[in-house]
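Worksheet for the structure shown next.
The values are calculated or read from the model by the stated rules, or taken from the named source; none is laboratory data. Source: prediction; values computed, not measured. Neighbour counts are summed over all protein chains in view; Cβ atoms, including those assigned to glycine, are modelled from backbone coordinates with ideal geometry.
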Amino acid sequence: MNKKVLYTVLCALIFSFFLTLTAGSARGRNLFISKCGQCHKTGGEAEPFAPTKYASIQWERFFSRSLHNRKKDISGLFTPEELEAIERYLVNHAADSSQPEAAGLK
């Protein structure tokens, strides 16, 4: 295989990797707004918050220990894939991340 073809294939693989990351983050954000936002809103069952409420390690610990279930059992409301996408979104936009997102639920 010549170098030009190899370079083109490598670039395509890198591009598709970053495209997948961006799509995953968008899915997590949409789930965060639509599903978490049902309760976490002004006047709702729980207070609104933004991803910057915690550092990334705190979000990871929150999800790995299922800490949400101390206040409300959400196991029947989310699939494991949805929780993973939401966690990834919150970690990627946490207070200590390279892309903190202060705008959260209202």
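Among (1) more than 17 Å from residue 26 (Cα to Cα); (2) loosely packed, with under 14 Cβ neighbours inside 10 Å, there is one condition residue 59 misses while meeting the rest; what is its number?
Unmet for residue 59, out of (1) more than 17 Å from residue 26 (Cα to Cα); (2) loosely packed, with under 14 Cβ neighbours inside 10 Å: (2).
Would you be able to tell me the number of residues in region 71-105 that are over 17 Å from residue 29 (Cβ atoms) and outside any loop (DSSP other than H, G, I, E, B)?
1
Six or more apart or on different chains, Cβ atoms under 8 Å: show the pairs whose first residue is in region 32-61 and under 22 Å from residue 76 (Cβ atoms) and whose second is aromatic (Phe, Trp, Tyr) and exposed (fewer than 15 other Cβ atoms within 10 Å of the Cβ).
40/49
Condition first: under 13 Å from the mean Cα position of the chain (by Cα), farther than 15 Å from residue 25 by Cβ and buried (at least 16 other Cβ atoms within 10 Å of the Cβ). Can you find one or more residues in region 63-70 that meet it? Before the answer, list the steps.
Residues of region 63-70 that are under 13 Å from the mean Cα position of the chain (by Cα), as a first pass: 63.
Restricting the remaining residues to those that are farther than 15 Å from residue 25 by Cβ gives 63.
Within this subset, residues satisfying the condition of being buried (at least 16 other Cβ atoms within 10 Å of the Cβ) are 63.
Scanning region 63-70, I find at least one residue that is under 13 Å from the mean Cα position of the chain (by Cα), farther than 15 Å from residue 25 by Cβ and buried (at least 16 other Cβ atoms within 10 Å of the Cβ), so the answer is yes.
Let's see how each residue does on (1) touching a Gly at 6+ places or on another chain (Cβ under 6 Å); (2) at pLDDT below 95:
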{"position": "26", "(1), (2)": "no, yes"}
{"position": "49", "(1), (2)": "yes, yes"}
{"position": "55", "(1), (2)": "no, no"}
{"position": "58", "(1), (2)": "no, no"}
{"position": "69", "(1), (2)": "no, yes"}
{"position": "76", "(1), (2)": "no, yes"}
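Here are the criteria: (1) under 20 Å from the mean Cα position of the chain (by Cα); (2) more than 20 Å from residue 94 (Cβ to Cβ); (3) surrounded by 11 or more Cβ atoms within 10 Å (Cβ to Cβ); (4) at pLDDT below 90. Tell me which single one residue 44 does not satisfy.
Every condition holds for residue 44 apart from (1).
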